[in-house]
Amino acid sequence: MIIDTLENASKYFNVHPCFREAFEFIMGQSNLEKAEDGTVGDFENLKAFVATFQGVSKETALSKVECHDKNIDIQYCIKGKETFGWKPRQKCVLPNGDYNPEKDVRFFSDAPDLFFELTEGQFVVFFPEDVHAPMIGEGEIKKLVLKIKI
């Protein structure tokens, strides 16, 4: 997992072949605060979408913590404050349903090891080994999510 601000994104260009394209895509978006929800970019190995939602309680978010087998998530906070729970996948022992290959999502019922908050201009990168509980917060949260195929 990586947590940082967009100003430092160039430090991560070499982590994955698509990271330069992904971060340049984010930086090239003007006025994301007014962007409509839905897909805003769909490239060969990269899909980007905007999502606006009302934050949920920790209890609600922790009912299903998630990870992905075939994608890396870059989640960029456009507006609001979003709290995430996190736990390394190798420590998760309580599966919550079967893997959904169409949505590339696997759920667990394990409690996160830590919580952190993103505010405007910050991002988090979740690799397949990062089990996470998103959407924790109060009020409206708007973010840009990039799915990078691995």
Query - Filter pass, Asp130 being among the acidic types (Asp, Glu) and crowded, with 20+ Cβ neighbours inside 10 Å - result: yes
Report summary line: Within segment 67-102, residues touching a Leu at 6+ places or on another chain (Cβ under 8 Å) and either among the aromatic types (Phe, Trp, Tyr) or outside any strand (DSSP E or B) (or both) come out as Tyr76, Phe84, Trp86
Report summary line: Picked from segment 59-91 (must be in contact with a Lys or Arg (Cβ under 9 Å, 6 or more places away or on another chain) and among the hydrophobic types (A, V, I, L, M, F, W, C)), the residue farthest from Asp4 (Cα to Cα) is Val65
Report task. Could you list, in sequence order, all residues of segment 103-118 that are assigned to a strand (DSSP E or B) and either open to solvent by 60 Å² or more (accessible area, probe 1.4 Å) or among the aromatic types (Phe, Trp, Tyr) (or both)? Result -> Arg106, Phe107, Phe108, Leu114, Phe115, Phe116, Glu117
Requested in this report: Please give the number of the condition Phe25 fails out of (1) under 22 Å from Val131 (Cα atoms); (2) assigned to a helix (DSSP H, G or I); (3) open to solvent by less than 60 Å² (accessible area, probe 1.4 Å).
Outcome: (1)
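The values are calculated or read from the model by the stated rules, or taken from the named source; none is laboratory data. Computed from a predicted model, the values in this text were never measured in an experiment. Methodologically, a virtual Cβ is constructed for each residue, glycine included, from the backbone with ideal geometry; neighbour enumeration extends over all protein chains shown. Surface areas here come from the heavy atoms of the whole protein model, side chains and all, with no ligands, DNA or RNA. Shrake-Rupley method; radii C 1.70, N 1.55, O 1.52, S 1.80 Å.
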